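Computed from the coordinates by the stated procedures, all read-outs in this text should not be read as laboratory data. All values reported here derive from a predicted model rather than from experimental measurement. Glycine also receives a Cβ, built like all others from the backbone with ideal geometry; neighbour counts cover every protein chain displayed.
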Amino acid sequence: MFRKLALAALSSLALSACAIPTGPVEVTRFNRAAEGFVYGSGSYSVRTDADALMLSPYLAAVAREMQRVGYSEAAVGSDVIAEVRVDVVRADVKKGSPVSVGVGGSTGSYGSGVGLGVGINLGGGTGERVTTTLNVRLLRRADDLVIWEGRAAQSADAKSPAAQPGIAASKLAAALFKDFPGKSGETVTIP
């Protein structure tokens, strides 16, 4: 009986490790659906002006999402060109002062009092945050008309799994293409 309980506990622990919390993603999209454009059919190819090796997790994530919403990948002669750009900004942020002082007071029918408290934050100092932004534009190949564009951004502690390119790429692309093509001009937060 103990073995069965231990095995069940270990398997549930292993499954919970698969779900990596990555925080919310802010998404803004623009489209031409009101003009009669139909999305999710035809072929696409990818174009980027950055190092393809550095962008490989993001390019793969965008390709998965493009195929999920109905496009097929074409090496030449595609109907749509997907332009992909990724911006990664690292910034030091202050986590809080290592010393804090609080003052409080009260009055009542049984007297009054004043208190003073001093706290020492042993975790104070600075930390690094990474903000990753995935930008995708879909252009009609025939005339380079932008028919859809979107931006997905996420901020995470530099040491968290959410700051790792592979995890960030999947989360950002999935959020960006959720409910594709989305409501034009609306900014939403995807958990």
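With K and R counted +1 and D and E -1, the other residues having a Cβ less than 13 Å from that of VAL188 yield a net charge of +1. The simple spin-label model puts a point 7 Å past each Cα toward its Cβ; for ARG90 and ARG141 those points are separated by 3.9 nm. Distance between the pseudo-spin-label points of SER43 and SER160 (7 Å out from Cα toward the beta carbon): 4.1 nm. Among residues other than ILE147 with Cβ under 14 Å from its Cβ, the summed charge is -1 (Lys and Arg +1, Asp and Glu -1). Would you mind counting up the charge near GLU128? Only other residues with Cβ under 9 Å from its Cβ, with Lys and Arg at +1 and Asp and Glu at -1. With Lys, Arg at +1 and Asp, Glu at -1, the net is +1.
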